[in-house]
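Rule-based calculations on the coordinates, nothing more; no lab input. Quick caveat: nothing in here was measured; it's all calculated off a predicted structure. All Cβ positions, glycine included, derive from the backbone under ideal geometry; neighbour counts span all protein chains shown.
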Amino acid sequence: MKQFDVIVVGSGATGGWACMALAEAGFKVALLEAGSRIDWRKEFHHDWPYEAPFRGSGKPGYLRKFFPGASEYNYKIMIDARENPYTTAPGEPFRWIRSRILGGRTLHWARASDRMSDFEFKAATRDGYGEDWPISYREIAPYYDRVERFIGVSAAPAGLPQFPDGSFLPPMPLNCAETIFQAAAKQIGIPATPRRLAQLTRPLHGRPSCHYCGNCVDGCDVGAMFNTVDSTLPPALKTGNVTLMCDSVVSHVLVNDEHRARGVRYVERYTGRSVEIGAKVVVLAGSSLENTRLMLNSEHGGLANSSGVLGQYLMDQIAGAGVTGYLPVLKGGPVRDDDGKADGLYIPNFVNIGGRTNSKNFIRGFAMSASGGCQRFPGYARAMPGFGSDFKRQVRNLYPSYARVWLSGGEMLARKENFVDLDPVVRDKWGVPALRIHCTHCDNDRKLYEGFFEHAKELFHAAHGEVLHAEPHLAIPGSMIHEVGTCRMGSDAKKSVLNSYCQTHDISNLFVFGGGCFVTTGDKHPTLTMLALAARGCDHLVESVRRGAI
Amino acid sequence: MTRRDAGRMILGAATVAGGSEFLAGATEQQKRPSENQFAPPAPDRFKNYQPQFFSAEEFHILDAFTDLLIPADETPGARDAHVAPFIDFVVNAAAEYEPGMQKKWRRAMAWLQTQNFGSLSKDRQLALMREMSQPEHDRQKKHPGFFAYRLIKEMTLHAFYTSREGLIGDLDYQGMAYLTHFPGCTHPEHHRV
């Protein structure tokens, strides 16, 4: 059996970081990725809609059936549902958008990089619901700094305690619609700032600046957006300490008689052959739910599950389309390049942070986004009546004025009733039991969406916008692609799986990085916090090994 | 006005007589002096296209209907953008994973055939389309051809605005560029509401 110092399972945001940090610390690391390494520059190169045979939609039915959530441009970096099933209870749908590819979801993520605050880490102390995180903002702040300096975050300081500032590159300029929404937000007394993005506005660590092509979610063809392949993997490989193993589908974490992790078993993606490799430390970083699935499959009753909470407290931030329409002041104006950067005015949470901001209807917070202007497809045209030359002129007239306000993350309460377990029947292509997902919204989730919806309409009206469509319902769970929890951290080993270093309470040489450890969703985009926690966990791992504690 | 707007205007002005007067009077309302320089030519997929799914009569109807939905006028229309051939290509490809789509299109074309759409004069065709589209303007109203109208309209919008003729020729889309700086908003008046 091949031996390594550390095995890292998964090459997404935290797997890539762990591989880099541990290899640079001198450990021999095996990085296992279930998916393939694809020809990066060949796959991602500014495809115009009319260059794709089906204009982005794919062959009718194909993507919807087999690559849900993907487009004709990016389905090759998404997951094939035929090979990777999951199940849900009737009437309780859950969208689980995944990637199995070297780099994981960093290849097509939205890049939003926000720091969480003590309003989130210590929310239970404030309002009495649920559990606090076993970590405070002060403890995680140095790791946010370190991660931001490495990945590069373009942003403007906002000076808000609920939305802490960090080490930023210059922000991307706002387009006209966003500038108008910012003025409207100011008028109604809510904060608004350019969206914080892991996307470079000046070269950093050998990566070039963004060239504003707007194709980010199909993969960045120059690596200006943070992703494993262009950011963390090159320095990791440079150490000479990394063995990169793609197409290796990990099925089990192996434990020895003293109940310590001793390695993993994986299935070769194409041959189906089962292989075991050994290590002193095992780091799971294969996404929130894949990590949990692996732990549930590794031991009857779940690995490192003396608390019994493994799989419980599944959350996905609340999502919803909000309000779309147009801004009359921009109607008929010149066509400009409005979608060359990520959509972006960000309205950090401004409710339930004390005093007059506290809501009587719901606890916790939400963040909104607003944007508009010329987009690659004039989707609003579908909602416009009529046809002919007048119709064409109207579509053109509205083109620069299109606008929308949407929910960019509302806190979904952590509840035990939302959980994952293994499906007793369904298995994936490699024989690993499929995950069975149970997730519904609670009353507070719906009330919070209503709160957002009222504020979205208020902002739209303050910008003198005309509403074409308002969506009063929240999207089905999973839609935000911010699924977290099921392996939560805590200081009490009876109520949590991990400690604040993402190390399992039960097995000291088993670490679990990613969103699984989240105690609450908070109202921020989760990736930056996952990275900061992984960086902190890696420091602890290295230090523990050096002093012989692992 | 951004640097790029100005650049496009200057390029345009150079090609007309009395360019300096044109520039002196130019406002932001002056449009389309040049098209998106980053947009590649469209692949030549639909030249001499022979329909695979629709019968000759159905295809004739589809071509006429889509031409009236998005006519060529001061900008290109559905015919320039090969909308009917593209729809045929897509619906034909639906056989494998979404056969229900093919049934819907057959039903829509059959309904139009009962109205002899293909042999009506252009005015009569337009009159029928206005009737078919009434429920769009008034939700209380019903029309047996509304489903066919919406089916063809939605696919036509998709086909036209994703074509080079629609996206560049009609909308003048300026994105998908390679820029050193994002232009952003340069209007002081947008900083207040």
Checklist outcome for this item: Note, A:G128: beta-carbon cut-off 13 Å, +1 each Lys/Arg, -1 each Asp/Glu, net 0
Checklist entry - Non-local amide H neighbours of A:G322 (under 5 Å, H modeled in plane, Pro and chain starts lacking H): which ones? => result A:L407, A:E471
Checklist entry - Say each of B:S119 and B:F46 gets a label point 7 Å from the Cα, pointing the same way as Cα to Cβ; how far apart are those two points in nm? => result 2.8
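Counting partner chain Cβ atoms within 10 Å of every residue's Cβ in B:156-162, what's the average?
Other-chain Cβ atoms within 10 Å of each residue's Cβ, averaged: 6.
Where in the stretch B:36-106 are there GluC sites (Glu not before Pro) that are in a DSSP coil and have at most 16 other Cβ atoms within 10 angstrom of their Cβ?
B:E74, B:E96
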Next on the checklist: Relative contact order for the stretch B:131-193: what percent, with Cα pairs under 8 Å and sequence separation of 6 or more?
Outcome noted: 16
Checklist outcome for this item: For A:C439, the net charge from surrounding residues (Cβ-Cβ under 13 Å; K, R +1; D, E -1) works out to -2
Checklist outcome for this item: Distance in nm between B:L126 and A:E276 label points, each 7 Å along Cα→Cβ, equals 8.0
Item to check | At R0 = 60 Å, FRET efficiency that the Cβ-Cβ distance of A:H45 and A:E417 yields, to 0.05 | outcome: 0.85
Checklist outcome for this item: Listed by chain and number, the aspartates and glutamates with an alpha carbon less than 20 angstrom from that of B:K47, same-chain partners under 8 positions apart left out, are A:E51, B:E57, B:E58, B:D63, B:D67, B:D80, B:D88, B:E165
Item to check | Environment charge at A:R382 (Cβ cut-off 10 Å; Lys +1, Arg +1, Asp -1, Glu -1) | outcome: +1
Checklist entry - What does the stretch A:302-394 give for Rg and for Dmax, in Å, if only its C-alpha atoms count? => result 21.4, 69
Item to check | Where the Cα pairs of the protein assembly as shown fall when distances are cut into 10 Å bins, in % | outcome: 3, 13, 22, 24, 19, 12, 5, 1, 0, 0
Checklist entry - Once you mark the chymotrypsin sites (Phe, Trp or Tyr not before Pro) that are in a DSSP loop and have at most 15 other Cβ atoms within 10 Å, what is the longest gap between them in chain A? => result A:271-550
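Under the definition of Cα pairs under 8 Å and six or more residues apart, what whole-number percent is the relative contact order of chain A?
Relative contact order, chain A: 22 percent.
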Next on the checklist: How large are Rg and Dmax for the stretch A:455-550 when calculated on the C-alpha trace, in angstrom?
Outcome noted: 19.6, 65
Checklist outcome for this item: In this structure, among A:K341/A:K392; A:K457/B:K141; A:K341/B:K153; A:K2/A:K280; A:K122/A:K495, pairs with alpha-carbon gaps over 23 Å are A:K341/A:K392; A:K457/B:K141; A:K341/B:K153
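Mind checking the mean number of beta-carbon atoms from other chains within 10 Å of the Cβ atoms in B:85-93?
On the way: counts 0, 4, 0, 0, 2, 6, 1, 1, 7.
That works out to 2 on average.
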Checklist outcome for this item: If amide H atoms are modeled at 1.01 Å from N in the peptide plane, then the residues at a separation of 5 or more from A:T243, or on another chain, having amide H under 5 Å from its own are A:V29, A:A30, A:L31
Checklist outcome for this item: Diffing the stretch A:419-431: the Karplus 3J(HN,Hα) column from phi (6.51, -1.76, 1.60, θ = phi - 60°), in whole Hz with x for Gly and Pro, holds 8, 10, 9, 8, 5, x, 10, 6, 10, 7, 4, 9, x
Item to check | A:V425 paired with A:R82, simple spin-label distance in nm, labels 7 Å along Cα-to-beta-carbon | outcome: 2.1
Next on the checklist: Compute the distance from the alpha-carbon center of the stretch B:137-193 to that of the stretch B:71-94, in whole Å.
Outcome noted: 16
Checklist entry - Considering every pair of different Cα atoms, what Kirkwood radius, in Å, is found for the stretch A:1-40? => result 10.7
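Pull up the DSSP beta bridges for the protein assembly as shown and report the antiparallel fraction as a percent, rounded to 5.
Just about 65 percent of them are antiparallel.
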Next on the checklist: If every alpha-carbon in the stretch A:46-162 counts as one equal scatterer, what log10 I(q)/I(0) does Debye give at q = 0.10, 0.12 1/Å?
Outcome noted: -0.56, -0.75
Checklist entry - How large is Rg over Rh for the stretch A:188-257, taking Rg from the Cα atoms and Rh as the Kirkwood inverse mean of 1/r across Cα pairs? => result 1.17
Checklist entry - Relative to the longest principal axis of chain A, what angle (0 to 90°, nearest 10) does the C-alpha long axis of helix A:288-298 take? => result 30
Next on the checklist: On a straight-distance basis, which aspartates and glutamates could pair with A:K28 in a cross-link, Cα separation under 17 angstrom, same-chain partners fewer than 8 positions away excluded?
Outcome noted: A:D5, A:E276, A:D539, A:E543
Checklist entry - Which residues' amide hydrogens lie under 5 Å from the amide hydrogen of A:G263, considering only partners 5 or more residues apart or on another chain, with H built in the peptide plane? => result A:L254, A:A279
Item to check | At most 11 other Cβ within 10 Å, DSSP loop - trypsin sites (Lys or Arg not before Pro), the stretch A:69-140 | outcome: A:R82
Next on the checklist: Just to confirm the number: angle between the C-alpha axis of helix A:443-462 and the first principal axis of chain A, 0 to 90 degrees, nearest 10?
Outcome noted: 40
Checklist entry - Looking at the stretch A:424-494, which trypsin sites (Lys or Arg not before Pro) are DSSP coil and have at most 12 other C-beta atoms within 10 Å of their C-beta? => result A:K494
Checklist entry - What is the stretch B:88-193 by shape, rounded, prolate or oblate, if you read a ≥ b ≥ c off the alpha carbon gyration tensor as root eigenvalues and call it rounded for a/c under 1.5, prolate for a/b larger than b/c, and oblate otherwise? => result prolate
Checklist entry - ³J(HN,Hα) across the stretch B:93-110 via Karplus (A = 6.51, B = -1.76, C = 1.60, θ = phi - 60°), whole Hz, x for Gly/Pro? => result 6, 6, 3, 6, 10, 9, x, x, 5, 5, 4, 4, 5, 4, 5, 5, 5, 4
